[in-house]
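Participant: Structure below; questions to follow.
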Amino acid sequence: MKMKRKQDLEMDVDMTPMIDCVFLLLIFFMCVASMSKVDMTPELELPVAPKAAVPEDLRARGVINILPLGSLTGSGEEVTEQKPFMVSGSLVDDRGLKAAIGERLKAEPELRVYMRIDRNADFKLVRRAIKACAEVGVFDVIFGSFQSSGGG
Amino acid sequence: MKRSDAVMMKVDMTPMIDCVFLLLIFFMVTSTLHRQEADISFALPGVADQSEPVEIPDEQIIEIYEDGRVLLNDLEYDSPDNQEMPELVDTLVRFKATADANKVEAMITIAPGGLVKHQRVVDVLNACAAAKINNVTFAMEEDDAS
């Protein structure tokens, strides 16, 4: 048997498919990274609930962030008793919250409100937010939590 | 000006690939660092259409106080700093079993005080989830548990 090897073929490997792949992956991860930032306030520490379920259905979710009173948001605003709810990056009061949820509800009738509440926030704020949801007509409210208390 | 065809044909791709790999690794790392969030849910008291008379479910009230004490039907369970709440979970499991045996829906109303930290409320919701009680709601009036 004769084994024949082309020297030329060994010398320049065709890089094109690899570069294609790498670009595809790059664009994918860039999209994922920017998508996950939508309305998720990073300075907020969610409570830990080991029995919480990781959701499969993420459609029609409106996010409300609630930080503890007196803390600062990413844009330097202070969370006050009057304006404690953070919707799409800005602090709003009860009326603003209701208006925001009402608007979302018009676009998405099956809206579910996803509340990302800091573990140190007072329950009275949560109660106000739940009340606002109920008054607008959203009865599907979910609390966000981490399954483990691990770092990160 | 002289241009060699050979240079034009073979552009050196190495620095570009280096850059792209670097970016790729950066975005991979940042996307995996993002911790996954999970849901813990409850039901808001709402208006539902009823075609038959409703059997009044067995309802239990859990009060939570600012200092972390958790009271089920005026009886204190677990220490205020215990996040797992094994005693409460045990009681809730038994309550759920009794409710199932009587064919009524197990229902929990949580009444936290206004200054209770959200983590404590989620601890109680977690205990309810551990006992597989899905019908959990909140007392909406500001009561004396503050």
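The values are calculated or read from the model by the stated rules, or taken from the named source; none is laboratory data. Keep in mind it's a predicted model, so treat the numbers as computed, not measured. Quick reminder, even Gly has a Cβ in these numbers, built from the backbone with ideal geometry, and neighbours come from all protein chains shown.
Participant: Does any residue of segment A:111-124 turn out to be part of a helix (DSSP H, G or I), within 14 Å of chain B (Cβ to nearest Cβ) and over 18 Å from the mean Cα position of the chain (by Cα)? Step through it out loud before you land on a result.
Facilitator: At the first step, the residues of segment A:111-124 found to be part of a helix (DSSP H, G or I) are A:123-124.
Restricting the remaining residues to those that are within 14 Å of chain B (Cβ to nearest Cβ) gives A:123-124.
Going one step further and asking which of them are over 18 Å from the mean Cα position of the chain (by Cα), we end up with A:123-124.
Yes, there is a match, as at least one residue in segment A:111-124 is part of a helix (DSSP H, G or I), within 14 Å of chain B (Cβ to nearest Cβ) and over 18 Å from the mean Cα position of the chain (by Cα).
Participant: State whether the residues of segment A:66-87 include one that is in contact with a Lys or Arg (Cβ under 7 Å, 6 or more places away or on another chain) and without any contact (Cβ under 8 Å) to a residue 40 or more places away in the chain.
Facilitator: The answer is no; no qualifying residue exists.
Participant: Any idea which residue in segment B:91-124 is farthest from residue A:124 (Cα to Cα), counting only those that are touching a Phe, Trp or Tyr at 6+ places or on another chain (Cβ under 9 Å) and among the charged types (D, E, K, R)? If you could, list the steps in order and put the result at the bottom.
Facilitator: Restricting attention to segment B:91-124, the residues satisfying the condition of being touching a Phe, Trp or Tyr at 6+ places or on another chain (Cβ under 9 Å) are B:91, B:106, B:108-118, B:120-122.
Still in the running and among the charged types (D, E, K, R): B:117, B:120.
Numbers: B:117: 9, B:120: 13 Å.
Selected residue: B:120.
Participant: So, in segment A:61-93, exactly how many residues are within 22 Å of residue A:145 (Cα to Cα) and of a type in the set (Asp, Glu)? Steps first, please.
Facilitator: If we filter segment A:61-93 for residues that are within 22 Å of residue A:145 (Cα to Cα), which is where we start, we get A:61-74, A:79, A:84-91.
Those still in the list that are of a type in the set (Asp, Glu) too: none.
Total meeting the criteria: 0.
Participant: If you don't mind, another one. Among the residues of segment B:57-85, which ones are within 13 Å of chain A (Cβ to nearest Cβ) and outside any strand (DSSP E or B)?
Facilitator: B:65, B:66, B:68, B:83, B:84, B:85
Residues are listed down the side, and each one gets a yes or a no for (1) within 13 Å of chain A (Cβ to nearest Cβ); (2) closer than 16 Å to residue A:143 by Cα; (3) in a strand (DSSP E or B); (4) among the aliphatic types (A, V, I, L, M):
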site	(1), (2), (3), (4)
B:91	no, no, no, no
B:96	no, no, no, no
B:99	no, no, no, yes
B:114	yes, no, no, no
B:120	yes, yes, no, no
B:126	yes, yes, no, no
B:132	yes, no, no, no
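Participant: Have a look at A:66, A:117, A:130 and point out the one that is in contact with a Leu (Cβ under 6 Å, 6 or more places away or on another chain) and either more than 19 Å from residue B:110 (Cβ to Cβ) or surrounded by 15 or more Cβ atoms within 10 Å (Cβ to Cβ) (or both).
Facilitator: Working: A:117 fails: in contact with a Leu (Cβ under 6 Å, 6 or more places away or on another chain); A:130 fails: in contact with a Leu (Cβ under 6 Å, 6 or more places away or on another chain).
Checking each option against the conditions leaves just A:66.
Participant: Let me ask another. Here are B:27, B:42: which of them is at pLDDT below 75 and crowded, with 17+ Cβ neighbours inside 10 Å? Reasoning before the result, please.
Facilitator: Values: B:27 fails: at pLDDT below 75.
The match here is B:42.
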